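For reference, the structure is listed below as structure tokens.
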Amino acid sequence: MITTFFLLFVLTAFFLLVGRVIGGKKGMIIAFALACVINFSAYWFSDSMILAAYQARPVPAGHRLERITHELSRRAGMPAPAVHVISNNSPNAFATGRSPEHAAVAATQGLLDMMSDREIAAVMSHELGHIKNRDTLVATMAASISGGILILSRMSLFFGGGGSSGWGKRLAVSILAPVAATLVTLALSREREYEADAFSARLTGRPMDLADALLGLERAVKRAPMPEHSPETAHLFIVHPFSGNGIGELFSTHPPMHKRVERLAAMKNAL
């Protein structure tokens, strides 16, 4: 937990650095105020912010996804999250919320169309693992701060003085700040993905259901990636949701798929 909050502090420090490059001391003060607002909003409204960003809608009572998720929640001994579906043909899923009592899961229509109930259960168990481990708050806060860094770093190219030397600093910040933010987000998310995979394997008792689902998702996303309108949220999804081109690749924070599958295969032999 100490490491997590330290990394969130580092992300906020990057945010202040970009503010200083844009507007000096005044810019840093403004960036600090914005960072406070972002962190406050992410804590209290993270679930609604992310769900709105992807136009997720609550599923009707008795929906296939709700039935599977609620049964898994009961089995795991945790509150059932709100269940949403995203009208997108690219298969994927994520969890969000500040605590197990205030959490939500969402899956795309593409995922529901391509997966069996067992595979959906494996994916939802993974997302419940994030909720139970309280990864969702940290992940959403990291996404919010990273998004702010991306916006400010782009603004740094167009605002601020300092002549040619100032332009050089702003250009360097516009390139390096998002990369640095991504490295910190990677440190936050990689081990959490492995832990959520392991939770899914234990809850379902069938690690290879998740392995099969992950491999199928990876192949399908390569064929039909999501639009890259919120690249800073990529680490929230169970597999990287965007194409391997452009800004979306910069925010690719997921562990290598073959390592995730190898770990699940090892768990199969251990269970």
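Ordering 254, 240 by the number of other Cβ atoms within 10 Å of each residue's own Cβ, fewest first, gives 254, 240. Amide H contacts of residue 237 (H built 1.01 Å from N, in plane; Pro and chain starts excluded): no residue 5 or more places away or on another chain comes under 5 Å.
Quick one: which residues, 5+ away or cross-chain, put their amide H under 5 Å from the amide H of residue 103? H built at 1.01 Å from N. Residues meeting the amide H criterion: 82. Sites listed here are GluC sites (Glu not before Pro) in the range 30-133 whose DSSP assignment is loop and whose Cβ has at most 15 other Cβ atoms within 10 Å: 101. Phi-derived couplings, Karplus 6.51 cos²θ - 1.76 cosθ + 1.60 at θ = phi - 60°, listed residue by residue for the range 125-136: 5, 4, 5, 5, x, 4, 5, 4, 7, 6, 6, 5 Hz, with x used for Gly and Pro. In this structure, residue 270 and residue 25 have a Cβ-Cβ separation that, at R0 = 51 Å, corresponds to a calculated FRET efficiency of about 0.35.
None of the figures in this text is laboratory data; all of them are computed from the coordinates on show. Quick caveat, the model's predicted, so the values are computed rather than measured. A quick note on method: Cβ atoms are made from the backbone with ideal geometry, for glycine too, and the neighbour counts reach across all protein chains shown.
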